[in-house]
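Working notes, beginning with the structure itself.
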Amino acid sequence: MKTMRFVMVGGFLGAGKTTTLARLAAQYTRQGKKVGLVTNDQAQNLVDTNSLRAQGFAVEEVPGACFCCKFDELVGKVGQLEESDRPDIILAEPVGSCTDLVATVIQPLKDLHRTRFDVTPYAVLFKPSHGLRILRNEGAGFSPKAAYIFKKQLEEADAIVINRIDEVTPAELAELRKLLNEQFPGTPVLAVSA
């Protein structure tokens, strides 16, 4: 059995995860790679799943709880993609309110399925307007619990990705980089617009 690359991209609600994964899937497809996607949310019949399927991608979903609570189902859905589409790469999108994904998903995949998956570093996206308010500790429009989740996601990231940079000024982008480097030292910071 060949090793599949497993790419999970996390991030808070509205970060642009689905758009980013669609762009990544299209890029890999242009490179001749077969891609499978797994979406995740608290509800059934996910909008993200339908959106990605409408773009022609092979997609499975893990509804009803986070990947961390349904790890075996996540692995099972990847197995279904393996059987039907034989992907080279799996792109996974966790729930936007989930944390501790490194301990509950990334590390178990590396430990329990090391011959099956080549697990990439965990990237976490965020929307600049959310980031500026939360990282400045302004909190406007965010409950303390939402701000905690946002920061916890960034804390566990192998790489932090400021997405949607077309929505900020160069000064705001510089401020975001500064705040991230102060609050999450040593974590690489990338800036993109998916």
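Every number in this text was worked out from the coordinates using simple rules, so none of it is lab data. Since the structure is predicted, the reported quantities are computational estimates derived from the model, not experimental observations. Note: ideal-geometry Cβ built from the backbone for every residue, glycine included; neighbour counts use all protein chains shown.
Structure summary
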{"read-out": "Semi-axis lengths (Å, descending) of the ellipsoid that matches the C-alpha gyration tensor of the stretch 4-191", "value": "28, 17, 16"}
{"read-out": "Dipole magnitude of the chain about its Cα centre (Cβ charges: Lys, Arg +1; Asp, Glu -1), debye to nearest 20", "value": "300 debye"}
{"read-out": "Convex hull (Cα only) mean projected area of the stretch 1-93, reported in nm² to one decimal", "value": "5.7 nm²"}
{"read-out": "Global form of the stretch 75-114, assessed from the alpha-carbon gyration tensor, a/c cut-off 1.5", "value": "oblate"}
{"read-out": "Cα gyration tensor category, rounded, prolate or oblate, for the stretch 40-122 with a/c compared to 1.5", "value": "oblate"}
{"read-out": "Per DSSP, loop trypsin sites (Lys or Arg not before Pro) in the stretch 94-194 with at most 14 further Cβ within 10 Å", "value": "Arg114, Arg136"}
{"read-out": "Prolate/oblate/rounded label for the stretch 151-194 (Cα gyration tensor, a/c 1.5)", "value": "oblate"}
{"read-out": "Dipole axis of the chain (+1 Lys, Arg; -1 Asp, Glu on Cβ), positive-most option in Gln31, Leu81, Gln42", "value": "Gln31"}
{"read-out": "Loop sites in the stretch 3-48: trypsin sites (Lys or Arg not before Pro), DSSP, at most 13 other Cβ within 10 Å", "value": "Lys33"}
